[in-house]
Amino acid sequence: MIKNFIFDVDRTLVDSYQPELETLKEALKIVTNKKYNDEMMNQLTILTTDEFFERLGIDKHSDTMKQINYHWGRLLKEKKPKLFNGIKELLNELKNKGYFLAVATSRTKEELNELDELIDYLDLFNIVITSDLIKNPKPSPESINIIVDKFSLNREETIYIGDSPSDQKAAFAASVKFGFASWENKNEISEYDYNFTNPQEIYKLIR
């Protein structure tokens, strides 16, 4: 029986994929005058933000990075990512029924605070682990292990729900269940404990 729910954020709780990629691509074009193909941009879904820009050869402390972040943030304000349909109701029901809730995300705290709709629901979570709070981001299991160890959770009763191969690897390495959030996701994942094609299917674990 699942009693503990740990969630990824992007493309799991928040429909951020298209808004973020479109605005980042536009910001990169403005600052670097380079147009990156979709294959390169899709790496943002499996890498941390720092790793992604390192792959592009852009120093995260450079003036170029500051300009990219400025334009990216400006453009994102016009296309704010929204929570997926049904997520608000799901989180409220899980909390009201006494389930343990946590977040383990590749976003930094600053990046998480940009998600206005999600911010209103963060109080429902027992703990939120962002990438700037750990040494080893996903696919390392460090963020999940911190949550499990801090609250002495039973790993067999714990599920990590995410959308990417790095989420899958982190869950399996932490010896918890992995729930594939396959709604509107392009990642091909064949190994999982549960495949949720929409948020409503998560209710099957508690009813």
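Observations
- Ranked 149, 132, criterion: other C-beta atoms within 10 Å, fewest first: 149, 132
- Gyration tensor verdict on the stretch 59-103 (Cα atoms; rounded if a/c is under 1.5, prolate if a/b is larger than b/c, oblate otherwise): oblate
- Other residues with beta-carbon under 12 Å from the beta-carbon of residue 131 carry, at +1 per Lys or Arg and -1 per Asp or Glu, a net charge of -4.
- 56, 91 arranged by Cβ crowding within 10 Å, fewest neighbours leading: 56, 91
- The chain - mean residue ellipticity at 222 nm from DSSP helices (-39,500 (n - 2.57) per run, n ≥ 4, rounded to 500): -10500 deg cm²/dmol
- Between the residues 101, 49, 199, the greatest Cα displacement towards the positive end of the dipole of the chain, with unit charges on the Cβ of Lys, Arg, Asp and Glu, is found for 101.
- Total formal charge among the other residues, if their Cβ is under 12 angstrom from that of residue 71, Lys/Arg +1 and Asp/Glu -1: +3
- Exposure proxy ranking for 25, 138, 34, based on other Cβ atoms within 10 angstrom of each Cβ and starting from the fewest, stands as 34, 25, 138.
- Cα-based shape type of the stretch 17-76, given that a ≥ b ≥ c are square roots of the gyration tensor eigenvalues and the cut on a/c is 1.5: rounded
- Of all DSSP beta bridges confined to the chain, the antiparallel ones make up roughly 10%.
- Principal axis dimensions, the chain - Cα atoms, whole angstrom, descending: 52, 31, 30
- Length gained when the stretch residue 85-residue 133 is fully extended (0.36 nm per residue, less Cα-Cα span): 14.4 nm
- When the Cα gyration tensor is reduced to axis lengths a ≥ b ≥ c, the ratio a/c stays below 1.5 for the stretch 107-207, which is therefore classed as rounded.
Values quoted throughout were computed directly from the atomic coordinates according to the rules given, and no laboratory measurement underlies them. Note that this is a predicted model, so its numbers are computed, not measured. Backbone-built Cβ (ideal geometry, glycine too); neighbour counts: all protein chains shown.
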